[in-house]
Structure formats: C-alpha cells, structure tokens
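The values are calculated or read from the model by the stated rules, or taken from the named source; none is laboratory data. Please read all numbers here as calculations on a predicted model, not as lab measurements. Every residue, glycine as well, gets a Cβ built from its backbone with ideal geometry; the counts of neighbours run over all protein chains shown. We work out accessible area using only protein heavy atoms, side chains counted, and drop any ligands, DNA or RNA first. Shrake-Rupley method; radii C 1.70, N 1.55, O 1.52, S 1.80 Å.
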Amino acid sequence: MTDLYRLLPEEMEVMVMELGQPRFRADQILYAMYYKFPENISEIKQLPSTFRDMLVEKGFSIGSTKEVHRIESEDGDTTKLLLGLQDKTPIESVLMQYPSKKLFGHPRSTICVSTQVGCAMRCVFCATGQMGFERNMKAEEILGQVIHFAKILSEKGQHITNIVFMGMGEPLANYSETIRAVKLLTHPRGFGIGQRNITISTIGIISGIDQLAEENLQIGLAISLHAPTDKLRRWLVPTAGANSVKDLINAGQRYFLKTGRRVTFEYALIEGVNDSPEIAEDLALLLRNNGSHVNLIPLNPTAGDFERPTRKNVIEFERILYNSGVNCTVRVEKGTEISAACGQLRTDVLGKYNNKRNQIKK
Ligand code: SAH
C-alpha cells in the first residue's frame with residue numbers, strides 16, 4: 001500500500017504517467033488532497049472512475065491516520081487529537097490558536113506534530129521520554145496529522161499558519177522522513193505552507209543539525225537545552241552522551257550562519273532543578289551576544305517528581321536573562337487542562353500512569 005500523501009508532486013506525475021495517464025492527473029489529485037481533504041480515493045471526483053479504480057487496484061490509498069479521540073480546552077483555543085495510524089498505533093497532535101492582533105483577522109493556528117511513536121531520548125521530565133521508543137513515523141503519517149487539522153479548520157473558514165515539530169519523538173532521529181514531510185508541507189503544489197512557518201525542535205543531534213543546515217531550507221530550528229552545565233544537562237537528558245552544552249551552542253551558531261535563521265534554545269523550567277538565579281546567570285553568560293533566543297517553558301508536570309516553578313521564579317529567571325542581553329520569552333501556556341504536553345494524552349488514554357496535570361502553583 002502507498003499512501004498518496006507520501007508522494008511529492010514530481011513523484012505523483014511520474015506515478016500517473018507510469019499508469020498511462022496524462023500528466024495533469026497529478027494536479028487533479030494534488031488539488032483534491034490539499035484543498036478538499038478526501039478520506040479515500042473514491043472521493044476524488046475530479047478523476048475518471050476507471051482511474052480511481054486503477055489506483056486502488058495498484059495499492060494506493062489515502063490517509064493512513066484516523067481520529068480516535070478529540071479533546072478541546074474550555075476556551076476552545078487548544079484541540080488535541082489522538083490519531084490511530086494504519087497499524088492502530090495511537091499518536092498525538094495538538095492545535096493551538098492565538099487570537100489575531102488584526103481587526104477581524106484569522107487566529108494564528110499552530111499545529112504541533114509527532115515524528116516518532118514514543119521516543120528514545122528518555123528526558124526525565126517528559127511523558128514521551130518515559131514511554132520508550134516504538135517506531136519511526138512515515139512522512140505520510142506526519143502529514144496526516146496536519147491534514148486532519150487542516151480539514152477541521154477549513155470547516156470553520158480558517159487555516160493552519162504554523163507547524164512545529166514538537167510532539168512525540170525526536171525529529172532528527174527520523175531524519176529522512178521528517179525532511180520528506182517538510183518538503184511535502186512546503187511544496188507550492190503540496191500543502192504549500194511557507195518554510196519560515198515551520199520549526200523543528202531537536203534534543204540536539206549535532207550531525208542532524210549540520211545536515212539540516214545544508215538542506216537549503218528556511219525552516220526554524222529550536223534546540224532543547226534545559227541546562228547551562230553538562231552535569232545538569234546529562235541528568236535531565238540521559239542520552240546527551242558526548243555532546244556538551246558548548247557543542248550544542250556551536251551547532252546552533254553554525255545553523256544560524258548557514259541559514260540566517262535565528263536559533264531558539266528551549267528551556268523547560270523545573271522547580272528546584274534548573275530554575276535558580278545562579279543557573280539563570282550561568283545561562284546568560286553562555287548565550288549573550290550570540291544572537292540566539294531562549295524560550296522558557298514552565299514545566300507541565302507529567303513524569304517523575306518534577307514540579308512547575310512558581311510564577312515569581314519564572315519571572316525572575318526571565319529578568320536575569322533579559323538584563324544580561326539575552327533575548328527571552330516565556331512560552332504561553334496552552335492546553336494544560338487537556339494534557340497537551342508532549343506524550344501526555346496518549347499516556348492518559350492508555351492509562352499507563354497517573355499524570356499530575358493541573359498542578360499549577362500560585
Ligand atoms: N525531541 C524534541 C521535541 C520534543 S517536545 C526535543 O527534544 O526538542 C518539544 C519541547 O517540549 C522540548 O523542548 C521538550 O523538552 C519539551 N517538553 C517535553 N515535556 C515537557 C513537559 N512536561 N513540560 C515542559 N516542556 C516539556
């Protein structure tokens with residue numbers, strides 16, 4: 001079976017011509033796939049029924065993901081989908097909407113996609129990290145998540161404005177399928193989103209970062225740093241191995257120099273672990289004057305005995321970075337009450353352990 005969402009427009013043309021069809025059939029299929037979101041080939045009414053039958057006979061299909069579970073936050077701004085892949089494996093994706101600053105403007109609608117079932121990186125505070133690694137996802141499965149949300153939004157007259165690879169899994173450990181997905185998503189005859197509207201988040205696989213810099217893409221890169229010292233980072237990210245904090249910062253710098261895109265360092269703030277003023281100062285010393293940007297993510301408590309810092313500590317941490325000249329933002333919290341942190345929904349639905357969501361300290 002080949003999911004049509006796997007094929008790049010050029011590959012679609014080769015495929016239709018190999019089946020004895022004129023080249024324009026590819027555009028008919030692509031138009032339906034990216035504007036009408038059909039659930040199976042028989043719904044592509046632009047095609048002659050004989051050709052639709054032929055596609056099915058030759059083993060083509062559409063959509064290897066099916067919605068299993070959907071939850072919306074009370075304010076309606078966050079929607080989380082649990083999607084079943086063809087082999088029934090559940091994975092999760094999230095839509096986060098932010099009101100537009102423009103009068104009558106559409107909201108910013110960011111989709112957070114998964115790239116692996118589970119994850120091998122074992123970050124101690126991350127729900128996916130506790131599941132272990134099951135398998136890599138195919139490009140068409142990564143795309144399927146975006147298509148599901150695109151369909152939901154199109155029914156409301158809205159569209160996806162940003163895609164972040166920050167769901168389950170490590171995108172750069174599934175490099176070729178992640179890049180194929182990016183190409184399908186950004187191809188003008190594919191999903192057609194701007195490269196600058198895509199961000200890949202990585203735990204810091206250095207060879208992958210360097211390879212990505214060579215792809216000639218304008219996508220954003222976020223590196224999960226979480227600590228200014230190797231000792232602390234290796235505790236939080238047990239698979240960090242030989243990569244030092246300095247190596248990651250240098251890799252980010254190379255990405256910036258090659259692509260011109262500023263790199264974001266993600267920093268999950270954990271109470272009593274990496275949130276002290278001294279640690280903020282160490283981080284500031286490392287990152288100031290190198291053009292990078294820090295995104296502080298107050299922990300969504302899911303795994304282990306880790307807690308979210310108080311609001312006061314988060315603000316103080318941010319202030320120290322800011323005063324030292326480091327560009328810094330605190331991630332807007334979205335979907336805490338619907339288990340929107342990486343891997344949480346799947347964990348809840350599968351009932352693997354009791355997660356501690358909603359523990360917001362005042
Ligand atoms: N493997 C990629 C994508 C992971 S999810 C990476 O490591 O970057 C995206 C971000 O969410 C990462 O920075 C990750 O460390 C962070 N994250 C995971 N679980 C979290 C939690 N419970 N609370 C806050 N941030 C979390």
(message) At 1.4 Å probe size, with the rest of the protein present, what percent of the exposed accessible area of the chain is carbon and sulfur atoms?
(response) 51 percent
(request) Determine the calculated [θ] at 222 nm for the chain from helices alone, applying -39500 (n - 2.57) to every DSSP H run no shorter than 4 residues and normalising by the residue count; nearest 500 deg cm²/dmol. (result) -10000 deg cm²/dmol
(request) Could you tally the net charge around His226, taking each other residue with its Cβ under 12 Å from the Cβ of His226, Lys/Arg +1 and Asp/Glu -1? (result) -1
(request) Positive end of the charge dipole of the chain (Lys, Arg +1 and Asp, Glu -1 on Cβ, about the Cα centre): tell me which of Gln253, Tyr322, Pro38 has its Cα farthest that way. (result) Tyr322
(request) Determine, for each peptide in 137-148, 202-213, 316-327, the mean count of other beta carbons within 10 angstrom over its residues, then list the peptides with the highest first. (result) 137-148, 202-213, 316-327
(request) Hey, for a label at Glu43 modelled as a point 7 Å past Cα toward Cβ, could you say which residues of the stretch 4-18 have their backbone N under 12 Å away? (result) none
(request) Over the stretch 93-243, calculate the relative contact order: mean separation of alpha carbon pairs under 8 Å at least 6 apart, over the residue count, as a percent. (result) 23 percent
(request) Let me know the whole percent of all Cα-Cα pairs from the chain that are separated by more than 39 Å. (result) 16 percent
(message) Quick check for you: with a 1.4 Å probe and neighbouring chains kept, what is the accessible area per residue of the stretch 28-73, in Å²?
(response) 56 Å²
(request) Could you tell me the number of lysine pairs in the stretch 49-123 with C-alpha atoms less than 30 Å from each other, where the two lysines are 8 or more residues apart or belong to different chains? (result) 7
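Sort 291-299, 265-273 by the packing proxy (mean of other Cβ within 10 Å over each peptide's residues), most packed first.
Result, highest mean Cβ count within 10 Å first: 265-273, 291-299.
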(message) If the reach is capped at under 20 angstrom between alpha carbons, list the aspartates and glutamates near Lys312, excluding any in the same chain fewer than eight residues apart.
(response) Glu266, Glu271, Asp275, Glu278, Glu281, Asp282, Glu333
(request) Report relative contact order for the stretch 93-173 in percent, whole number only (criteria: Cα-Cα under 8 Å, sequence separation at least 6). (result) 39 percent
(request) With both partners inside the chain, how many of the DSSP beta bridges are antiparallel, as a percent to the nearest 5? (result) 45 percent
(request) State the Kirkwood hydrodynamic radius of the stretch 146-299 in Å, one decimal place, computed from all pairs of distinct Cα atoms. (result) 16.6 Å
(message) Only sites in a loop by DSSP and with at most 13 other Cβ atoms within 10 Å count here; which trypsin sites (Lys or Arg not before Pro) in the stretch 1-77 make the cut?
(response) Arg23, Lys45, Lys58
(request) Let me see the pair-distance distribution of the stretch 65-172: every alpha carbon pair, 5 Å bin width, integer percents in order. (result) 2, 12, 22, 23, 18, 12, 6, 3, 1, 0
(request) Normalising by the residue count of the stretch 200-316, find the relative contact order in percent from Cα pairs under 8 Å and 6+ residues apart. (result) 26 percent
